[in-house]
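Since every read-out is calculated from the coordinates, none of them should be taken as a lab result. As the structure is a prediction and not an experimental result, all values here were calculated from the model. Note that we place each Cβ from the backbone using ideal geometry, even for glycine, and neighbour counts take in every protein chain shown.
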Amino acid sequence: MSDAQTAEFADVNDLSFEQARDELTQVVAQLEQGAPTLERSIALWERGEVLYQRCEEWLLGAKKRLDAARGVAGDD
Amino acid sequence: MTNPASGPSFTPAVRPRDSTADMPCQVGDLGRDMRDYIARLGSPWVEGEITEWNHRAVGTFATLRDMNGDAIIRLTIWSSVRNRIPQDIKAGDRVVVCVKPEYRAQRGELSFIVSAMKQVGLGDLLEKLERLRQQLRSEGLLDASRKRSLPFLPTTVGLITGKATDAEKDVLRNAELRWPNVSFRVEHAAVQGEQSVPQLLAALQKLDADPEVDVIIFARGGGDFQDLLGFSDERLLRAVAAAHTPIVSAIGHENDRPLLDDVADLRASTPTDAAKRVVPDISEQLALVRDARSRIMTRLAGRLQHEQHVVQQLHSRPVLANPDRWLQDRELQLEQSISRIRARTGLSLEQEATRIARLHASLGALSPLRTLDRGYAIVQRRGDGIVRTPDDAPDGAELVVMLAEGTISAVSRGEVAQEGAPEGRADRI
């Protein structure tokens with residue numbers, strides 16, 4: 001991805017889960033409508049993958065926290 | 001030497017209002033004026049509470065206390081009158097008395113001689129309380145909007161109650177059963193009788209000023225209607241309305257409830273009920289918290305599952321899951337373009353070849369070489385142009401003769417006269 005394209009997208013680590021998920025939805029919509037250039041398509045796809053990873057990490061982390069809390073609740 | 005005080009006075013009579021240091025009035029004069037002045041009050045009817053009631057042979061001597069303050073008057077009820085008044089009157093009763101104030105100059109005493117007395121009936125009291133209730137309502141002191149909500153779990157509970165009463169035990173025991181760590185500040189006060197209102201007010205003032213006290217309970221285990229009149233006292237009611245701390249009334253009298261029930265922020269039917277309303281049940285709260293936690297977990301797990309599903313669905317969309325497709329699409333586009341280019345180029349080449357062939361045919365048809373087939377020849381001077389006239393090929397000039405089939409060399413012998421040439425035409429080669 002070129003520097004110009006990198007600058008266009010915010011760092012995923014700064015995004016909340018909702019922001020990452022919403023942006024992923026937008027990326028999919030843009031790709032489905034058809035990007036103007038192949039370069040743009042690839043850039044969007046790469047962004048989509050990064051956003052997906054962020055969402056997955058967040059959800060897995062949340063699930064771990066929930067399981068941990070369940071464990072504590074079970075000890076009561 | 002005689003004592004001047006023991007002899008008769010020769011001072012001229014002076015009215016008390018005209019007296020001076022040099023011209024004083026006599027004690028008797030002052031006494032008479034007081035007697036006459038007091039006599040002008042007539043025989044007023046006075047309401048109050050009997051606080052002392054002592055029978056003697058000559059009559060009954062009693063004390064009548066103001067209902068709203070500490071003022072008292074001493075009553076004298078002669079035997080002749082005593083038979084005309086209710087026989088069951090006792091200390092603590094509210095009465096209306098017709099008195100004649102009398103000043104006895106000989107003894108320097110003011111006494112109130114009773115000529116008639118009647119007990120204030122329950123109806124009278126209720127009517128008076130109802131008037132007070134209406135007054136408080138008109139001032140907005142009974143409005144629901146004024147009621148303060150009780151804290152969920154008070155740090156410290158203030159309790160105003162009689163000393164060593166069942167009401168106190170009930171509140172403390174029930175509160176501790178519900179929430180063992182609850183803290184109490186107990187202020188003891190008289191809950192009936194003439195001292196009740198001042199003591200209740202003092203206790204309220206003290207607890208309301210304590211920043212740690214989050215709620216105050218007035219507790220008393222029921223009792224006779226008249227015993228509870230202190231809890232309908234206007235001074236107490238206004239103090240409760242003005243208090244900063246939420247107040248619970250737990251007087252425990254279902255019929256003819258005291259006005260405190262209306263002014264307080266919450267009315268409890270009994271001291272036990274007050275404890276239940278003020279202090280939450282720890283086991284009940286624990287169950288609620290656990291249930292809430294369980295519901296949160298379920299809801300959260302469901303939400304996570306839903307979000308996971310959404311993200312997975314997005315990720316499995318062909319545009320993300322199969323990015324090769326765009327390359328394939330572009331390759332296909334490219335191939336199609338190349339095919340079209342090739343097709344177009346091939347067509348152009350064929351068209352051009354045909355055109356060239358046509359041109360070639362046309363060229364062939366127009367070519368002088370076609371003339372050679374008919375026996376003609378083209379003569380060129382070697383290394384020079386085509387020979388058109390005899391002058392172009394003088395004697396001895398080397399020539400190249402192009403025939404239909406091949407080329408020969410020759411040497412010119414110069415110009416010759418033509419024989420047998422068609423008339424009027426000189427064909428030259």
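General remarks:
- Footprinting exposure proxy for B:Ile378, B:Ile160 (fewest neighbouring C-beta atoms within 10 Å first): B:Ile378, B:Ile160
- Both radii come from the Cα set of segment A:16-75: Rg as radius of gyration, Rh as Kirkwood radius; their ratio Rg/Rh reads 1.25.
- Inter-chain Cβ neighbour count for B:304-316, averaged per residue, equals 5 (cutoff 10 Å, partner chain atoms only).
- Across all directions, the shadow cast by the convex hull of segment B:15-168 built on its C-alpha atoms averages 17.4 square nanometres.
- The calculated 222 nm mean residue ellipticity attributable to helices in chain B amounts to -12500 deg cm²/dmol, summing -39500 (n - 2.57) over DSSP H runs of n ≥ 4 and dividing by all residues.
- Extension gain, B:Ser294 back to B:His55 (0.36 nm per residue minus Cα-Cα distance, nm): 78.6 nm
- Cleavage-rule hits, GluC sites (Glu not before Pro), segment B:214-319, DSSP coil, Cβ neighbours within 10 Å at most 10: B:Glu254
- Couplings for segment B:214-219, taken from phi via the Karplus curve 6.51 cos²θ - 1.76 cosθ + 1.60 with θ = phi - 60°, read 9, 7, 10, 10, 9, 10 Hz in order; Gly and Pro are left as x.
- With respect to chain B, whose longest principal axis is taken over its alpha-carbon atoms, helix B:27-39 is tilted by about 60°.
- Semi-axis lengths, Å, the protein assembly as shown, gyration tensor of Cα atoms, sqrt of 5 times eigenvalues: 139, 32, 19
- Of the three principal axes defined by the Cα atoms of segment B:89-201, the extents in descending order read 67, 36, 24 Å.
- As a ratio to 2.2 N^0.38 Å, the alpha-carbon radius of gyration computed for segment B:199-241 takes the value 1.25.
- Restraint check, B:Lys90/B:Lys128; B:Lys90/B:Lys163; B:Lys147/B:Lys206, Cα-Cα greater than 31 Å: none
- All Cα pairs of segment B:370-411, percent lying beyond 12 Å: 56
- Where the Cα pairs of chain B fall when distances are cut into 20 Å bins, in %: 15, 21, 15, 9, 6, 6, 6, 9, 6, 5, 1, 0
- Neighbour-limited loop hits for chymotrypsin sites (Phe, Trp or Tyr not before Pro), segment B:109-184 (at most 10 other Cβ within 10 Å; DSSP other than H, G, I, E, B): B:Phe152
- Taking the C-alpha atoms only, the angle from helix B:324-366 to the longest principal axis of chain B is near 20 degrees.
- On Cα atoms only, tilt of B:282-315 relative to the major axis of chain B in degrees: 10
- Orientation-averaged projection of segment B:142-280 equals 7.2 nm² [convex hull of Cα atoms, one quarter of hull surface area].
- Exposed-site-free run, longest, chain B (rule: trypsin sites (Lys or Arg not before Pro); DSSP loop; at most 15 other C-beta within 10 Å): B:164-373
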